[in-house]
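Peer 1: Dumping the structure here so I can ask a few things about it.
Computed from the coordinates by the stated procedures, all read-outs in this text should not be read as laboratory data. Since we're looking at a predicted model, the values are computed, not measured. Here the Cβ is made from the backbone with ideal geometry for all residues, glycine too, and neighbour counts use every protein chain on show.
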Amino acid sequence: MGTLPRVASFRDLVVYRKAREFSREIFLLTRSFPKEETYSLTDQVRRSSRAIGANLAEAWAKRRYEKHFISKLTDADGEQQETQHWIGIALDCGYINAVQAEQLVAKCQELGRLLGGMIERASTFWDDSKSLHESSPDYFTDDTDSLSH
């Protein structure tokens with residue numbers, strides 16, 4: 001396998017784009033859930049599906065620290081698995097049909113495979129030669145006169 005392309009932002013990641021698309025699909029689907037589910041199942045499945053992309057964004061910010069990067073990717077994977085659980089509950093309650101559930105679970109599993117690939121190649125997502133370095137701030141000044149006033 002060749003060198004993986006570098007991306008400028010988490011927004012450029014295929015897995016992030018798919019996660020955003022998936023969370024929108026969940027949102028649209030859950031609009032038809034019963035009103036009494038608003039603060040339970042509807043809220044839970046929306047939250048967990050949205051958290052996949054949110055954790056990817058956090059992972060991207062922490063990619064310089066491989067263990068933190070992997071930890072956030074693992075959180076994203078946990079959220080996709082939690083979403084699978086809520087999809088199963090929606091199926092059990094009759095809010096979605098078996099075909100819808102299968103399609104949604106397949107999308108979750110695809111996100112999981114993509115996240116697993118990132119975890120396996122975590123060290124390739126940070127390139128020291130392309131990082132930005134901020135200059136060190138001056139913490140002390142030579143101006144002792146300003147302290148005597």
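Peer 1: If you rank SER123, SER48 by fewest surrounding Cβ atoms within 10 Å, what's the result?
Peer 2: Final ranking by Cβ density, sparse to dense: SER123, SER48.
Peer 1: Local charge sum around GLY117 (other residues, Cβ-Cβ under 12 Å, Lys/Arg +1, Asp/Glu -1)?
Peer 2: Summing Lys and Arg as +1 and Asp and Glu as -1 gives -1.
Peer 1: How do TYR16, TYR39, TYR95, TYR65 line up, fewest other C-beta atoms within 10 Å first?
Peer 2: Ordered from fewest to most neighbouring Cβ atoms within 10 Å, TYR16, TYR39, TYR95, TYR65 come out as TYR39, TYR65, TYR95, TYR16.
Peer 1: Moving on. Around LEU91, under 14 Å between beta carbons, what's the net of Lys plus Arg minus Asp minus Glu among the other residues?
Peer 2: Here the count lands on -3.
Peer 1: Sorting THR38, THR74, THR30, THR83 on the 10 Å Cβ count, fewest up front, what's the list?
Peer 2: Result, fewest neighbours first: THR38, THR74, THR30, THR83.
Peer 1: Continuing with this model, one more query. What does the net charge come to around THR42 if you take all other residues with beta carbon closer than 13 Å to its beta carbon, with K and R at +1 and D and E at -1?
Peer 2: +2
Peer 1: Further question: Return the lysines within reach of LYS107: Cα separation strictly under 16 angstrom, same-chain partners fewer than 8 residues apart disregarded; answer none if there are no such residues.
Peer 2: Hits, sequence-local ones excluded: LYS18.
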